[in-house]
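The structure appears below as structure tokens.
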């Protein structure tokens, strides 16, 4: 999803773009894919079974396409250079494709040319965590592997415990959970374990906010908030259903308070205030979800901010019904807006 459209692969071989505002169909293409597309600026990137397609996001017109001869193992992801690139960052915006047996290939977003290739030594089933200089992969042999975005060189490796899941990045930390009930926090520059925290169930995913907080869900039906730097717990909340996806953090703490969003096994989507864990909203779709909800990180009132897709083929656009303001309004209303109306004299009807 971007600011204008929602892009949905439909089986067996179709890609459809819908207006985010109205849900009307904008364009379709006959492309087979079972993976979520990636949007960078005005280009949509789709990984199919044997090709990567770059399409004009507004019209669906082909920009370029490149073939490959491997089995896709994880969703396509993008590494985009910031407005002020730091030393050691790549000179091109990258698409990172993860294939079977741990093969990673980086392509230039501009024209699809291959920039580098790297073997991880074992399979990786998740998109990497990107910190601007490196991509960190959770590998099936319990290693976290950091690969330089500029040239594909392995910068560090760290052996952890158990089967690892989706990694995430926040400032100077890489977070990775495992099925041994641990959440690991690694220094993103060196791979050193900064701290680890034991949960009551498998840790399935992590997210972080802009103020130094980290949030993770575990299969004991609990979401926890901890300090990014040292792992000290800030709050813990039981959640209504077993989580199936990593939490998402939305908001910047300036326009409105940050919230933590979780999707459960019943397809219920729950939101909690990032500050103290207070429940702040819930949505129950009419049927089971196909994948997680698409949520705009910049929620705007009266505009479609969340889109869900159900397994029975429905696409539903939702608007925020309320917003968590970071602080009270500076001045209360002295009076309600509008003009005062004279009291109307009512004459009873004749009998």
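Here, each number is a calculation from the coordinates, and none is a lab measurement. Everything numeric in this text was worked out from a predicted model, so none of it was measured. Don't worry about glycine lacking a Cβ; one is built from the backbone with ideal geometry, like all the others, and counts go over all protein chains shown.
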Legend entry - Residue-span extension gain [residue 279 to residue 42] - 0.36 nm each, minus C-alpha spacing: 81.7 nm
Inset, instruction - Whole number please: convex hull volume per residue, Cα atoms of segment 214-319, in Å³. - result: 94
Legend entry - Overall form of segment 1-131 per C-alpha gyration tensor (a/c, 1.5; a/b vs b/c): oblate
Inset, instruction - Rank the residues 19, 280 as a footprinting-exposure proxy: fewest other Cβ atoms within 10 Å of their Cβ go first. - result: 19, 280
Inset, instruction - Going by C-beta contacts inside 10 Å, put 32, 119 in order with the fewest on the left. - result: 119, 32
Legend entry - Distance (nanometres) between label positions extended 7 Å along Cα→Cβ at residue 58 and residue 314: 3.3
Inset, instruction - Can you tell me the FRET efficiency between residue 302 and residue 119 if r is taken as the Cβ-Cβ distance and R0 is 56 Å, rounded to the nearest 0.05? - result: 0.70
Legend entry - Identified option (computed Kirkwood radius over Cα pairs in Å; candidates [x] 20.7; [y] 22.1; [z] 21.4): [y]
Legend entry - Gain in span if fully extended, residue 30 to residue 290, counting 0.36 nm per residue against the direct Cα distance: 91.5 nm
Inset, instruction - Grab the beta carbon distance between residue 265 and residue 195, set R0 = 35 Å, and tell me the FRET efficiency rounded to 0.05. - result: 0.75
Legend entry - Relative contact order of the chain, defined on C-alpha pairs under 8 angstrom at six or more residues apart (%): 7
